[in-house]
Structure formats: C-alpha cells, structure tokens
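Structure first, commentary second.
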Amino acid sequence: MPGLEGPLDYSKEPPRHPCLQINAKEPFNAEPPRSLLVSSYVTPVDLFYKRNHGPIPIVDDLERMLPKYNVAATLQCAGNRRTAMSKTRKVKGVGWDVSALGNAVWGGAKLADVLELVGIPNLTSTTQSGGKHVEFVSIDKCKEENGGPYKASIPLSQATNPDADVLLAYEMNGETLNRDHGYPLRVVVPGIIGARSVKWIDSINIIAEECQGFFMQKDYKMFPPTVDWDNINWASRRPQMDFPVQSVICSLEDVNTIKPGKVKISGYAVSGGGRGIERVDVSIDGGKTWMEASRYQKTGIPYIADGINSDKWAWVLFEVTVDVTQSTEIVAKAVDIASNVQPEKVEDIWNLRGILNTSWHRVQVRVGHSNM
C-alpha cells in the first residue's frame, strides 16, 4: 500500500443540509433527525446519511453506455444504532443514532451486464482463471489504508446474478449522483451492509480471494460479546455482508413528554438479503403485550412481503395509533419473511465494533397533564 503523504485534504468538501446531525467532521459522517427520516418513503438526497472514510474526491464525469435500471434500495451503515450499544459497554466507531440509513431509487447499469460485456456470463461463480470475487476500488483515500484507496468485494456469483440488482449507479432519486454519494459512479449492492457499496469507483477487479482491504479484513466483522481488543483474532470471522432484521421508532425521541391520550407510533423496518417484512409488533408496556402495526411502502398500494408486489430491497414504513395513559416504555420489533426476529437485549449481541445493533428499539414516554 502507498504511504500516507501528509495530512488528508478536507478543504474542498461540498455543502451539506443544516439539519444533519454531525457525528464526525473529518471524515464527514452525519445522519438526519429521526423525525425527518421517515417523512417520505424515498429519502431526499440531502437528508441521506453520509458515511465517509476520507475527504470527498473531485472526479470528472463519464459517459453511459449500457441500459439503465432503477432499483429502490435501502443502504444502512453497519454501525447504525451504535450509540445505544455503547451504553451497555464501550465500543469503537462513529456514534450513530438510528438514522444511519436511507432509502433511495438508484439508477445505473447492472453489474451483471457490465461483466457480460467483458466476457463473464450471467450466473458465473468462478471464471476460467479462478476468479471468484469482484473487487471495487475507490478513488477515495483513507488513513486506515495508509493513504491508499477504500475497497471492498462481493462474490462473483452475486455480481453476475441479474436478480441481485447490483448496480453501477450514476443517479440517485432521478438526479445525477452528488459528490457526497459517489459522483460520478458508485456500486450499490442491495441487501448487504453499506460498507460494500463503494463510492467513487476507480477500478473493478476480478480476484480469486475476497478483497484484502482493511474494511473487509479488520473491520465490519461480527464478534461475540466474549471478544474484546485484547483477544481479537480478525481472521477468525468472515466479513459481514447481509444485515439482520431491524426496526426503529422514529416518531418519538428516546425520552418524550406527552399528554395522555392517542399517540401515533411510526418508523421503519428493513431486513437484509431482500427479505421482506412479515410483521412489526409494537408494545406500550415494555414488551409484555404486543399489537401489530400496519406496514406500507407506497401510499395507496398494499404492501405484500413477497418481493414481487413490493420493493424487496427497500425498507418498510410502519405505524400504529396507541392509547398512552401513563409513563411507560414503548418498544418495536420486526419479523421478516424468514421468521427472523430482532433480539430482545442489546447485551446479547454486544460486539467491540458496535455493529448490527438490531435489538428491540425502545423509547421512554413520560405522561404529563395540561397543568404541567
């Protein structure tokens, strides 16, 4: 890897929305307030979470040749909800709240088409020369790579499968990608953690083994709670790809004071691997009893978790109106179509990097009266 030559240059960063909650300035990492996050099914570009590992590069435009596809897909940082996990025990990483994700309509060429153009047929798992993985290398330089490029890989079998909808994207929500989100070209790999959807693509390589970059080999791996920095063995775990089923209440902050009466509980639910959301359960007594919330993606169109009548790579919004008469804990948990369900306790899934916090989402509600 090339050596780090002087400090990274952050002087040419693009402007950002003033409502963003900044979790780190250099490199820039920010998320929107949770109340704004679910105000629309498609997340506006300027409110989409920003996850960077170095300065935003300046890149010239490119020409587009292959047929364009539009894919609705939710990208989620593996560290979403890390702040809550760190309250159990200290973890290392950007302190994300609940909004390190967003849902967009990505436009671009299917990677399967691009690979077919260079002689790798659809549904290929191994090339004649032994290639089994597709590596994406960014123009982005980061300190973790000693000033070298950010990079990641996915299996060739996924890259060559048209139904996996892996895109080389140049549009986001019908507009040209902006610099924060990968202009002029990025990969979008639906259904897996956002760290594999590399921005500012410089090169694409067919390789025999998975990418050996820092963020594949020494980060974004799921370790058990028994592993800490004094006994970690990075080689003992595979790089994280799919993300588990997740749901979050966005209509309330972690602690809210409200008047007694009807309260609308709303938020998002999403699962990795294209698995739809079968159910979202909400409790207003800390998880003792439950009620089912309604689910929707597009207004006026019933959501069916079959991947045919729905956007299978996208989040599902949920809502339910409840009667809250006393101070309590409100909880949400989701179940996907494979019957995976969120774990109850964050302690059971604690890991030293604070990734994949998919425990039940809880908010505290304090009920006050009009004379308070």
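One way to sum up the overall shape of region 281-328 is the equivalent ellipsoid from its Cα gyration tensor, whose semi-axes run 28, 11, 8 Å, largest first. At 0.36 nm per residue, and after removing the present C-alpha to C-alpha distance, how many nm does the segment from residue 237 to residue 290 gain when stretched out fully? Extra length from residue 237 to residue 290 when fully extended: 15.5 nm. For the listed peptides 331-338, 222-229, a ranking on the average number of other beta carbons within 10 Å per residue, highest first, reads 331-338, 222-229. Computed from the C-beta positions of residue 325 and residue 127, the FRET efficiency with R₀ = 51 Å rounds to 0.20.
Looking at the chain, the accessible area is 44 square angstrom per residue; that uses a 1.4 Å probe and ignores ligands, DNA and RNA.
Stokes-Einstein, applied to the Kirkwood radius of region 73-211 over Cα pairs at a viscosity of 0.890 mPa s and 25 °C, places its translational diffusion at 154 µm² s⁻¹.
Computed across region 138-228, the Kirkwood hydrodynamic radius from all distinct Cα-Cα pairs reaches 14.4 Å.
With both labels modelled 7 Å from their Cα along Cα-to-Cβ, the residue 68 to residue 366 distance reads 5.1 nm. Fully extending the segment from residue 203 to residue 26 would add 61.2 nm, taking 0.36 nm per residue of separation and subtracting the current Cα-Cα distance. Take the Cα of residue 344, step 7 Å toward its Cβ, do the same at residue 299, and the gap between the two points is 3.9 nm.
Per residue, the convex hull around the alpha carbon atoms of region 252-309 comes to 127 Å³. Need the list of aspartates and glutamates near residue 345 for cross-linking: C-alpha distance under 20 angstrom, and skip anything on the same chain fewer than eight residues off. Residue 345 reaches 97, 228, 253, 254, 281, 285, 329, 336. Summed over qualifying helices (DSSP H, 4 residues or more, each -39500 (n - 2.57)) and divided by its residue number, the chain shows a 222 nm mean residue ellipticity of -1000 deg cm²/dmol. On alpha-carbon atoms, Rg over Rh for region 232-372 using Kirkwood Rh? Expressed as Rg/Rh, it is 1.03. When the Cα convex hull of the chain is projected onto planes of every orientation, the mean area is 20.2 nm². What residues of region 237-264 lie in the reach of a label at residue 87, counting those whose backbone N is under 20 Å from a point 7 Å from the Cα along Cα→Cβ? Label zone hits: 246-258. Quick one: with all protein chains in place, what share of the accessible area of the chain is carbon or sulfur, to the nearest percent (1.4 Å probe)? After summing per-atom areas, the C and S share lands at 50 percent. For region 213-300, taking Cα atoms only, Rg and Dmax work out to 18.6, 53 Å respectively. Within the straight-line cut-off of under 15 Å between alpha carbons, the aspartates and glutamates reachable from residue 151 are 135, 140, 202, 209, 210, 219, sequence neighbours fewer than 8 places apart in one chain being disregarded.
The values are calculated or read from the model by the stated rules, or taken from the named source; none is laboratory data. For clarity, every value in this text was computed on a predicted model and none was experimentally measured. Neighbour counts are summed over all protein chains in view; Cβ atoms, including those assigned to glycine, are modelled from backbone coordinates with ideal geometry. In case anyone asks, the SASA skips ligands and DNA or RNA and just uses the protein heavy atoms, side chains included. Shrake-Rupley method; radii C 1.70, N 1.55, O 1.52, S 1.80 Å.
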